[in-house]
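S.K.: Below is one structure. I have some questions about it.
Read-outs: derived from the displayed coordinates by stated rules, not from any lab. Since the structure is predicted, the reported quantities are computational estimates derived from the model, not experimental observations. Here the Cβ positions follow ideal geometry from the backbone for every residue, glycine too, while neighbour counts run over all protein chains shown.
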């Protein structure tokens, strides 16, 4: 549950978010810009601003100054700050970076929904608990032909599949066709290694969803497309579910078949995926 939503991550918004978060509030700070950023400004904090940073516990290096001087059309007006007060000259990029680093970080979930009428909805949620590994149970599933390859709100059958899996004592369902073709999780792509050397995921021709995370993994070259049958499950050396929320979530068992979790190939895929995401959002891996 979000206690405070702040739109605008400038100096005032960021400072307010830091202060409220340190009081135990659940704060979400939104801005359309990517931070830190360059921005035209005076690039100098007055003594009151320096004191505010100190109260927030934000430490930053800069060039001290003890007064201001204005020049205009041959006239000069200057004034010194009271004794022991000083300003701080600092580039805006570094100030943004310092505030960003000082903000108490936590993972969250942003869900975006687009309706047929063009309305776009955004939901901010706390990230649900994600255990180190999960267990799967196979569940027969027949996809709706009209919705093949479509991300829609028609997830009733998928959500029911998860509920059935939990009732059977598993963490999640692994959807399979009646003829024994392995598909995917209810809301996740399925990736496995049959030989301990290659990672494979069912091809789109098997009527699985072309998810964003799946596409990124394929682009890295660490995962290849190949059909998997139920009969091959006992051969699986390692496996994971992949999604935007879970990223790479190791699987420790499928039905009665126990699996090493995480396996070395899964760990390597997770490392590369996180580095790819970090690069895309301009953050260190």
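S.K.: Within the stretch 128-280, what percent of beta bridges assigned by DSSP are antiparallel, to the nearest 5?
M.R.: Details: 14 of 25 bridges.
DSSP beta bridges in the stretch 128-280 are roughly 55 percent antiparallel.
S.K.: Please find the FRET efficiency linking residue 195 to residue 156, where r is the Cβ-Cβ separation and R0 is fixed at 30 Å, and quote it to the nearest 0.05.
M.R.: 0.20
S.K.: Springs between alpha-carbon pairs under 10 angstrom, Gaussian network model over the chain: which of 234, 82, 202 fluctuates most?
M.R.: Comparing 234, 82, 202 in a Gaussian network model of the chain, the most mobile one is 82.
S.K.: Students often check this: by mean Cβ neighbours within 10 Å, which of 109-115, 89-95 ranks highest, and how do the rest follow?
M.R.: Descending packing order for the listed peptides: 89-95, 109-115.
S.K.: Something else now. Give the order of 141, 70 when sorted by the count of other beta carbons within 10 angstrom, beginning with the fewest.
M.R.: If I rank by nearby Cβ atoms, fewest first, I get 70, 141.
S.K.: Once both axes come from the Cα atoms, what is the angle between helix 11-21 and the longest principal axis of the chain, in degrees from 0 to 90, rounded to 10?
M.R.: 60
S.K.: May I ask what percent, to the nearest 5, of DSSP beta bridges between residues of the chain are antiparallel?
M.R.: Of all bridge pairs located within the chain, approximately 70 percent are antiparallel.
S.K.: Using the alpha-carbon atoms, what tilt in degrees (0 to 90, nearest 10) does helix 47-56 show relative to the longest principal axis of the chain?
M.R.: 30
S.K.: Give me the one-decimal Kirkwood hydrodynamic radius in Å for the stretch 190-244, with the sum taken over alpha-carbon pairs. Mind showing how you got there, number by number?
M.R.: Working: mean 1/r = 0.0879 Å⁻¹.
For the stretch 190-244, the Kirkwood estimate is 11.4 Å.
S.K.: Set the Förster radius R0 to 22 Å, insert the Cβ-Cβ distance between residue 225 and residue 276 as r into 1/(1 + (r/R0)^6), and round the FRET efficiency to 0.05.
M.R.: Approximately 0.75, to the nearest 0.05.
S.K.: Pick from 23, 232, 83: which residue has the top mean-square fluctuation in a GNM of the chain where Cα pairs under 10 Å get a spring?
M.R.: Of the options given, 83 has the highest mean-square fluctuation.
S.K.: Percent antiparallel among DSSP beta bridges with both residues in the stretch 4-106, to the nearest 5?
M.R.: Just about 75 percent of them are antiparallel.
S.K.: Continuing with the same structure: Shape verdict for the stretch 1-63, please, from the Cα gyration tensor: rounded (a/c under 1.5), prolate (a/b greater than b/c) or oblate.
M.R.: Oblate, because a/c is 1.5 or more while a/b does not exceed b/c.
S.K.: Could I ask something else about it? How high is the FRET efficiency from residue 117 to residue 5, r the C-beta distance, R0 30 Å, rounded to 0.05?
M.R.: It comes to 0.75.
S.K.: Separate question: Once you have a ≥ b ≥ c as the square roots of the Cα gyration tensor eigenvalues for the stretch 4-106, tell me rounded if a/c is under 1.5, and otherwise prolate or oblate according to whether a/b is larger than b/c.
M.R.: It comes out prolate by the Cα gyration axes.
S.K.: Report the label-to-label distance for residue 60 and residue 46 in nanometres (one decimal), using points 7 Å from each Cα along the Cα→Cβ vector.
M.R.: Spacing of the two 7 Å Cα→Cβ label points: 1.7 nm.
S.K.: To test your reading of the geometry: what angle, between 0 and 90 degrees and rounded to tens, separates the Cα axis of helix 264-280 from the longest principal axis of the chain?
M.R.: 40
S.K.: Quote the relative contact order of the stretch 4-106 in percent (integer), defining contacts as alpha-carbon pairs under 8 Å separated by 6+ residues.
M.R.: With pairs under 8 Å counted, the relative contact order is 34 percent.
S.K.: Taking Rh as the Kirkwood radius, which is the inverse of the mean 1/r over Cα pairs, what is the Rg/Rh value for the chain? If you can, show how the numbers build up before the last one.
M.R.: Values: Rg = 25.9 Å, Rh = 22.7 Å.
Here the Rg-to-Rh quotient is 1.14.
S.K.: Treating only the Cα positions of the stretch 128-280 as identical point scatterers, give the base-10 log of I(q)/I(0) from the Debye formula at each q in 0.12 Å⁻¹.
M.R.: Result of the Debye calculation: -0.45.
S.K.: In what sequence do 78, 43 fall when counting other Cβ within 10 Å, fewest first?
M.R.: Values: 78 9, 43 16.
Ranking 78, 43 by Cβ neighbours within 10 Å, fewest first, gives 78, 43.
S.K.: What's the exposure ranking of 241, 204, going from fewest to most Cβ atoms within 10 Å?
M.R.: Result, fewest neighbours first: 204, 241.
S.K.: I've got another one for you. Which distance in nm do the two modelled labels at residue 177 and residue 32 give, with both placed 7 Å along the Cα-to-Cβ direction?
M.R.: Roughly 4.5 nm, to one decimal.
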